[in-house]
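Q: Please see the structure below; I have some questions.
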Amino acid sequence: MPFRTLPARPEPDAARGPTPLPSESWLILPEQCGGCSCHSRSPFVSTILPNLDGRRRFLQYSAQFHWLGVPISHWQPTTFLRVNKSLGTSTQAVLVKTDEGPAIIKALGNPEGPHVLACEWVGTQLAKWLGLPTFDTAIMTIAEDDEIPFLEGGCAAPGPAFAARYEQGFDWGGGTDELRGITNVPDVAKLVVFDTWTRNCDRYFPPRCNFSNVFLAHREAARSMTLVAMDHTHCFTCGRDLTARIAHVDCIREEKLYGLFPAFVPLVAQSDVANAVSTLSHFSREEASAALGQLSRDWLVPASAVEALEEFIFQRAVFVAEHIVEWLAPRCWPQGQLF
Amino acid sequence: MAKFANGHYSLVQYCPSASRLEAANIGVLLYCQELRYVDVRLARGNSRIVHFFGREGFDSFVLEGAKKAVEHRVRLGFDAFKTYEDMELLIQTRANAVVLSAARSIKVDDPVKTLDELFGELVGGAVRTRADRRFREVDEILGRPSLKALVHRPQPVIVPVVNRRLTAPYAFRNGRFNLIRPERFSAHPGAATGAAMRLAMEGDLLDKYLQVDGIKAQLIIVPFFPAESQQNDRASVLRLFGEYHVRTVDVPRLEELADEIQRTAH
């Protein structure tokens, strides 16, 4: 990845909007970080961000985006080319070919409603923030004349759709031994922390048990797989509409574990949980705000719900960071760390 | 006249491009709600895929993982597929290269026999067996109730110096902290030697540097070799472990290991 130091901050030009930068990665120096605490000590890499209309929008020189803190991809499909396969998922996802290669899209007009797209987008940003591998994702605009049929009837509606880059790999089958050889075993623990933070009921929250939302991607070494967190449509509300109710104390302080598949238990190490908790405890209100600042208006999330969701994400991060070790201990380490 | 139940079957296919829709059959799934039966038969080898797509047309490692995932999912048992819709969901949500064809009706008398016949007719070749998938012998012997208090399922350990995570499904203490790891080696001599070199080195580092609760750790390898591997290749792998002082226990000697655990573990 080519790194170059970000040039000096230009004067804003209100008429032209943010100054565009070339579509490549940049090394952001601490003094350019706009004062956010998370990157005040070390340089980090950032790159272009997609905007919500599906066009490219370049990095803005504001602290707002610095919370991402990890290289994000250049991947930004803008044009739908053809349907490869309509899938029978709850959001009627469709495997399509785009100008940036194959992608799985979840579009407006899906039977679960527009809010699940907002949950998917925010959930995926939070997973990335926590350091979980995810697919490259983007907001892609479905045009009026794009004909993208759902498996169970109907078509994708025009407007901003959630797009995830297709990767080689397969859905997890549910066995512990399938996970023993993955490159990122510590992320098993992190995934449980993430699901509990975001109350994601769509991986493991009995009686719901959905192995398909744990993806094993073939990414790096020739003979290894990487666990990837995918499908966050049911974060926060378990598929229901986002409302101000999400900030209710019952939601924020819910003492239930999410995502702890029985097959995960032998792989959840105390040190890995401690690392994830340490990261989560640094989650700030500004970062919550930044995650929600990118939501599309076309997803029809009311302002009151956005405000409540920001409160929920921040407050629950604090609560989960404080308590998840004690929730996990009886299940994962009943006899201490090694046994 | 025999009473038949209504069932559904679906072909498990390798379909590397969802656009092209070209696929090779690699297995068959049978579901019969009336008989509360669901199971899958998968091909042991990949000859049909090689036939259609060539040796470069697939990654055997990824395919093996995908097969294992399908088996796991189906063998969760009938409780995971209580309705026909549960099976349809499995079929319709697959976006990767191992897919399931649309379900078709079938009359079922003896489901096991029917599945075997379907496999023979629609896929052919040798069936992947449980022994191919798991270390059955190890699980059977070390998972005995009599060893339950002595044999544990340890957390992964970090190998000193290289900082690599090493997993072992079983462990016991008897003055040493013994990590037992079954390992299936490739029939390809280079791949088998490579895997053995890595494990031998890791075992050596564990032996030298790792202590668990003040007890020195050691690695015990239970090697599995495919039928087609050459005797001298097997011997090379075993000698390599010997050179690094990593203990190996082959399958016929697992009973001796169980006895040793009974006698010495605490």
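The values are calculated or read from the model by the stated rules, or taken from the named source; none is laboratory data. What you are looking at is a predicted structure, and each value in this text was computed from that prediction instead of being measured. Methodologically, a virtual Cβ is constructed for each residue, glycine included, from the backbone with ideal geometry; neighbour enumeration extends over all protein chains shown.
Q: Scanning the range A:248-288 for residues that are under 20 Å from the mean Cα position of the chain (by Cα) and of a type in the set (Gly, Ala, Ser), which turns out farthest from A:LEU300 (Cα to Cα)?
A: Here the answer is A:SER278.
Q: Can you tell me which residues in the range A:185-201 are within 14 Å of chain B (Cβ to nearest Cβ) and touching a Lys or Arg at 6+ places or on another chain (Cβ under 7 Å)?
A: Passing the criteria: only A:VAL185.
Q: Of the numbered conditions (1) surrounded by 14 or more Cβ atoms within 10 Å (Cβ to Cβ); (2) charged (D, E, K, R); (3) at pLDDT below 95, A:ARG297 fails exactly one; give the number of that condition.
A: With respect to (1) surrounded by 14 or more Cβ atoms within 10 Å (Cβ to Cβ); (2) charged (D, E, K, R); (3) at pLDDT below 95, A:ARG297 is out only on (1).
Q: Name the strands (runs of 3 or more DSSP E) wholly within the range A:149-257 that hold at least 3 residues that are of a type outside the set (Ser, Thr, Tyr), touching a residue at least 60 places away in the same chain (Cβ under 8 Å) and under 24 Å from B:ALA80 (Cβ atoms)?
A: Once the strands (runs of 3 or more DSSP E) in the range A:149-257 are filtered for at least 3 residues that are of a type outside the set (Ser, Thr, Tyr), touching a residue at least 60 places away in the same chain (Cβ under 8 Å) and under 24 Å from B:ALA80 (Cβ atoms), what remains is A:226-229.
Q: Continuing with this model, one more query. Has the range A:225-240 got at least one residue that is under 25 Å from B:ARG153 (Cβ atoms) and either not aliphatic (A, V, I, L, M) or not assigned by TED's automatic domain parsing to the domain that holds A:VAL320 (or both)?
A: yes
Q: Follow-up question, since we're still on this one. When you scan the range A:170-182, do you find a residue that is within 24 Å of A:TRP121 (Cα to Cα) and more than 10 Å from every other protein chain (Cβ to nearest Cβ), even just one?
A: No, there is no match, as no residue in the range A:170-182 is within 24 Å of A:TRP121 (Cα to Cα) and more than 10 Å from every other protein chain (Cβ to nearest Cβ).
Q: Go through the range A:202-249 and give me each residue that's farther than 20 Å from A:GLU310 by Cβ, aliphatic (A, V, I, L, M) and surrounded by fewer than 17 Cβ atoms within 10 Å (Cβ to Cβ).
A: Of everything in the range A:202-249, those that are farther than 20 Å from A:GLU310 by Cβ, aliphatic (A, V, I, L, M) and surrounded by fewer than 17 Cβ atoms within 10 Å (Cβ to Cβ) turn out to be A:ALA221, A:ALA222.
Q: Provide a single number: the residues in the range B:245-266 that are crowded, with 17+ Cβ neighbours inside 10 Å and either among the small types (Gly, Ala, Ser) or at positive phi (or both).
A: Residues that pass the stated criteria total 2.
Q: Name the single residue, out of those in the range A:258-280 being in contact with a Leu (Cβ under 9 Å, 6 or more places away or on another chain), of a type in the set (A, V, I, L, M, F, W, C) and not in a helix (DSSP H, G or I), that is nearest to the other protein chains (Cβ to nearest Cβ).
A: The residue in question is A:VAL268.
Q: Could you say whether any residue in the range A:74-90 is of a type in the set (Phe, Trp, Tyr), touching a residue at least 12 places away in the same chain (Cβ under 8 Å) and part of a loop (DSSP other than H, G, I, E, B)?
A: Yes, the range A:74-90 has at least one match.
Q: Being modelled with pLDDT under 95 and touching a Gly at 6+ places or on another chain (Cβ under 9 Å): is that true of A:THR183 here?
A: It is false that A:THR183 is modelled with pLDDT under 95 and touching a Gly at 6+ places or on another chain (Cβ under 9 Å).
Q: Please pick out the residue among B:ALA95, B:ALA69, B:ALA80, B:ALA102 that is within 14 Å of chain A (Cβ to nearest Cβ), under 30 Å from A:PRO334 (Cβ atoms) and more than 20 Å from the chain's Cα centre (by Cα).
A: B:ALA80
Q: Let me ask you something else. When the range A:281-311 is examined, which residues are found to be in a helix (DSSP H, G or I) and over 13 Å from A:ALA118 (Cβ atoms)?
A: A:ARG285, A:GLU286, A:GLU287, A:ALA288, A:SER289, A:ALA290, A:SER304, A:GLU307, A:GLU311
Q: Exactly one condition in (1) more than 22 Å from A:ASN84 (Cβ to Cβ); (2) β-branched (Val, Ile, Thr); (3) in a loop (DSSP other than H, G, I, E, B) is not met by A:VAL122; state its number.
A: Among (1) more than 22 Å from A:ASN84 (Cβ to Cβ); (2) β-branched (Val, Ile, Thr); (3) in a loop (DSSP other than H, G, I, E, B), A:VAL122 violates only (3).
Q: I want to confirm something. Restricting to the range A:74-97 and keeping residues that are polar (S, T, N, Q) and over 30 Å from B:MET87 (Cα atoms), which single residue is surrounded by the most Cβ atoms within 10 Å (Cβ to Cβ)?
A: So, considering only residues that are polar (S, T, N, Q) and over 30 Å from B:MET87 (Cα atoms), the one surrounded by the most Cβ atoms within 10 Å (Cβ to Cβ) is A:GLN76.
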